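Each remark here refers to the structure printed beneath this line.
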Amino acid sequence: LESFETAVLYKDSLNRKEIEKTIADLDKKYQTEKKEAEITILKKENYIRELSLAFILVLLIVIVTAAILIIRKQIKIRRTEEILREKLKKELEYKKKEVLNLSTYVQQRIAFTTDIITNLKRIKSNTEEVKDEINKVISFI
């Protein structure tokens, strides 16, 4: 009976060791799976972070490119406006000179016409001087 009890004790001890080993193996497997799950989650979080960073970078590039294009367009518009302004300024100066020249020409013609009228009135009163004055006018023309 003592041998039987000893055998049972050994058997219980072996069963307990097997159970402890099985529990240790299961715990190790659980811890490994837990760590692998954590690694998978961390990899997914890192991937999402990288995608977010890439999206922000692309968005930033698009915004900077759009800003550069808008600024270039504004500069081109300003240059075009300046060129047009200068062209209009030169045209206005030319027109002012034309008006001044025409005004001078008209004043000279008025003065000439006034002189002719004055001379004709004087000639009308002096018949002898008529011939001289007509010759002067003819030579003047």
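Across all directions, the average flat footprint of the convex hull enclosing the Cα atoms of the stretch 1-75 is 4.3 nm².
A simple count of charges around Asn101, restricted to other residues whose Cβ falls under 13 Å of its Cβ and scoring Lys, Arg +1 and Asp, Glu -1, yields +2.
Can you tally the net charge around Arg72? Count Lys and Arg as +1, Asp and Glu as -1, for every other residue whose Cβ sits under 12 Å from the Cβ of Arg72. Walk me through the intermediate numbers first.
On the way: positive: Lys73, Lys76, Arg78, Arg79; negative: none.
With Lys, Arg at +1 and Asp, Glu at -1, the net is +4.
In the stretch 43-112, one over the average inverse separation of all distinct C-alpha pairs is 17.6 Å, which is the Kirkwood hydrodynamic radius.
Computed from the C-alpha gyration tensor, the three semi-axes of the ellipsoid equivalent to the stretch 77-117 are 39, 4, 4 Å, from longest to shortest.
Note on Tyr105 and Leu69: the model spin-label points, each 7 Å out from Cα along the C-beta direction, lie 5.3 nm apart. Across all Cα pairs in the chain, the calculated P(r) in 10 Å bins from zero up to the longest distance comes to 9, 11, 9, 8, 8, 7, 7, 6, 6, 5, 5, 4, 4, 3, 3, 2, 2, 1, 0 percent per bin. For the stretch 104-119, backbone phi angles converted through the Karplus equation (6.51, -1.76, 1.60; θ = phi - 60°) give residue-by-residue couplings of 4, 4, 5, 4, 5, 5, 5, 4, 4, 4, 4, 4, 4, 4, 4, 5 Hz, Gly and Pro being listed as x. Our helix-only sum for the chain, with -39,500 (n - 2.57) per DSSP H run of n ≥ 4 divided by its residues, gives a mean residue ellipticity at 222 nm of -37000 deg cm²/dmol.
Every read-out reported here was derived from the displayed coordinates using simple, explicitly stated rules and does not represent laboratory data. Note that the structure is predicted; figures quoted are calculated from it, not measured. Using ideal geometry, Cβ is built from the backbone for each residue, glycine included, and neighbour counts are taken over all protein chains shown.
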